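Note sheet for the following structure.
The values are calculated or read from the model by the stated rules, or taken from the named source; none is laboratory data. Nothing here was measured: the structure is a model prediction, and the numbers come from that model. All Cβ positions, glycine included, derive from the backbone under ideal geometry; neighbour counts span all protein chains shown.
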Amino acid sequence: MPGPDGKLTQEDIAKVQAWMFKYKMGNHPCPICDSIQWTIGEYVVHPTTQGNPQLFPNLPIYPNVILLSPCGYTRNVNAVMIGIAPAYRV
Ligand SMILES: [Zn+2]
């Protein structure tokens, strides 16, 4: 599980790499530059709903691992489904 700052541990990175191998990321080139060199982002990120968190403090968040292409194109993968982050609310 990522640290309190959201940074992936070596164990997390191994799980992401296993996911990338399972789903053959090398067969899924970047739609912009055609590179198959995906870099794992260091931190879990949290896209959230559009609702105002001050008015609705229990809005769901969606922990994601990001995979970066050399051109900057970014893919988000659900960190809960990879098994590195718990499902929780803020
Ligand atoms: Zn690219």
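Per-structure values
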| item | result |
| --- | --- |
| Only listed residue being modelled with pLDDT under 95 and β-branched (Val, Ile, Thr), chosen from Thr39, Thr49, Thr74 | Thr49 |
| Test: residue in region 53-67 that is assigned to a strand (DSSP E or B), within 15 Å of the ligand (Cβ to nearest atom) and either surrounded by fewer than 11 Cβ atoms within 10 Å (Cβ to Cβ) or of a type in the set (A, V, I, L, M) (or both) | yes |
| Any hit, region 73-80, residues being assigned to a loop (DSSP other than H, G, I, E, B), touching a residue at least 40 places away in the same chain (Cβ under 8 Å) and within 16 Å of the ligand (Cβ to nearest atom) | yes |
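Residues checked against (1) within 16 Å of the ligand (Cβ to nearest atom); (2) more than 17 Å from the chain's Cα centre (by Cα); (3) without any contact (Cβ under 8 Å) to a residue 60 or more places away in the chain:
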| residue | (1), (2), (3) |
| --- | --- |
| Pro4 | no, no, yes |
| Leu8 | no, no, no |
| Lys24 | no, no, yes |
| Asp34 | yes, yes, yes |
| Tyr43 | no, no, yes |
| Gly51 | no, yes, yes |
| Ser69 | yes, no, yes |
